[in-house]
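As structure tokens, the structure follows; a few thoughts come after it.
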């Protein structure tokens with residue numbers, strides 16, 4: 001019987017593990033086959049407190065994991081295949097094992113949607129990104145392209161005008177899906193131009209991005225387009241597939257949590273990008289992991305006190 005099982009091993013999951021371990025809860029972290037979350041796909045992280053010179057994303061996650069393990073968290077690089085939250089103790093299954101737990105912290109994160117085009121994977125972190133807040137400062141006085149037409153894309157484009165000499169927004173349609181106020185702000189900005197009815201078919205570059213192949217969706221014509229960076233802002237997909245029938249999800253598929261950590265199942269908590277539709281930063285995910293672990297600790301104290309007093 002585990003007191004706490006943490007599903008996921010990004011900043012939220014591993015911070016929850018640090019706090020749970022320091023509370024002597026002996027947490028088990030089911031980290032996934034590839035632990036570390038989205039920061040494992042990030043090169044240099046400059047906005048995480050405590051690293052004034054910046055740190056590589058995978059190195060930062062190694063620090064997170066080492067700290068959690070130092071305090072006694074057990075981390076297993078296995079994927080959770082199913083859960084059963086309909087009864088207690090909760091059941092968490094992997095391909096080879098079944099675990100029982102008094103509490104579960106879900107920190108499975110969200111995955112950025114990519115274009116799945118040639119050159120994109122090779123140049124991730126070298127001109128291709130899904131996070132303007134993370135990587136925008138690397139492209140001062142450069143020509144930046146943003147793909148997307150929703151509020152997130154407009155937020156990214158407006159943010160990137162602080163750094164780039166020019167921001168070109170490429171959108172598949174002839175009008176934006178963004179809210180009226182966000183669209184108006186983007187249209188009014190002198191650094192932003194729009195390229196309508198267009199898709200990105202390829203990213204060029206060897207050691208860093210040098211340009212794109214664009215395709216007009218009305219004519220089918222393609223042409224090369226010089227640019228220094230590509231920010232893909234076509235949304236995220238929360239990693240909630242195994243919880244769909246048991247945890248309440250909002251209309252976008254994120255785990256619903258009115259107060260930030262509690263779910264509709266008493267004893268199941270949530271942290272990080274799997275229920276964060278707004279910030280999606282390592283620091284906010286870490287903070288959420290802290291809160292979830294502290295709430296799980298309080299829940300266990302009450303639960304175990306009730307059991308102890310009932311047996312008197």
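Each value in this text was obtained by applying a stated rule to the coordinates, not by laboratory testing. Owing to the predicted nature of the structure, the values given are computational and were not obtained by experimental measurement. Note: ideal-geometry Cβ built from the backbone for every residue, glycine included; neighbour counts use all protein chains shown.
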For the chain, what is the mean residue ellipticity at 222 nm derived from helices alone (per DSSP H run of n ≥ 4: -39500 (n - 2.57); sum divided by total residues; nearest 500 deg cm²/dmol)? -8000 deg cm²/dmol
Extending each Cα 7 Å along its Cβ direction at residue 69 and residue 84, get the distance between those two points in nm, one decimal. 3.2 nm
If each of residue 201 and residue 34 carries a label point 7 Å out from its Cα toward its Cβ, how far apart are those two points in nm? 2.8 nm
Using alpha carbons only, how many degrees (0 to 90, rounded to 10) separate the axis of helix 282-310 from the longest principal axis of the chain? 20 degrees
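Listed highest first by mean packing, meaning other Cβ atoms within 10 Å per residue, what order do 258-265, 35-42 come in?
On the way: 258-265: 15.8, 35-42: 22.4.
The peptides rank, most packed first, as 35-42, 258-265.
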Relative contact order of the stretch 128-232, please, whole-number percent, based on alpha carbon pairs below 8 angstrom and at least 6 residues apart. 31 percent
If I fit a long axis through the Cα atoms of helix 11-22 and take the longest principal axis of the Cα atoms of the chain, what angle between them do I get, 0 to 90°, rounded to 10? 20 degrees
Simple spin-label estimate for residue 47 and residue 172 in nanometres, 7 Å along Cα-Cβ: 2.7 nm
Using only the Cα atoms of the stretch 128-232, what are the Rg and Dmax in Å? 12.8, 39
Separation of the stretch 173-225 and the stretch 104-123 by C-alpha centroid, Å? 21 Å
Let me have the relative contact order for the stretch 112-171, percent, based on Cα pairs under 8 Å that are six or more residues apart. 34 percent
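Sort 106, 274 by Cβ crowding within 10 Å, fewest neighbours at the top.
In order of increasing Cβ crowding within 10 Å: 274, 106.
Pairs of alpha-carbon atoms within less than 8 angstrom and 6+ residues apart define the contacts here; what relative contact order does the chain have, in percent?
Working: 707 pairs, mean separation 64.4, N = 312.
About 21 percent, as a whole number.
Would you mind giving the average projected area, over all directions, of the Cα convex hull of the stretch 1-118 in nm² with one decimal?
Working: hull surface 35.4 nm².
Result: a mean projected hull area of 8.8 nm².
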Using the alpha carbons of the chain, what is the convex hull volume per residue in cubic angstrom, as a whole number? 142 Å³
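Counting DSSP beta bridges with both partners in the stretch 128-232, what percentage is antiparallel, nearest 5?
45 percent
Which FRET efficiency value, to the nearest 0.05, is calculated for residue 188 and residue 111 with the Förster distance at 35 angstrom and r the Cβ-Cβ distance? If you can, show how the numbers build up before the last one.
Details: r = 33 Å, r/R0 = 0.93.
After rounding, the FRET efficiency stands at 0.60.
Please work out the FRET efficiency for the pair residue 98 and residue 140, using the Cβ-Cβ distance as r and a Förster radius of 35 Å; give the result to the nearest 0.05.
On the way: r = 52 Å, r/R0 = 1.49.
The formula returns an efficiency of 0.10 here.
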Cα long-axis angle, helix 57-70 against the chain (0 to 90 degrees, to the nearest 10): 10 degrees
Where does each of 254, 204, 19 land when they are ranked from fewest to most other beta-carbon atoms within 10 angstrom? 204, 254, 19
Please give the contour-minus-distance gain from residue 256 to residue 126: 0.36 nm per residue of separation, less the Cα-Cα distance, rounded to one decimal in nm. 43.3 nm
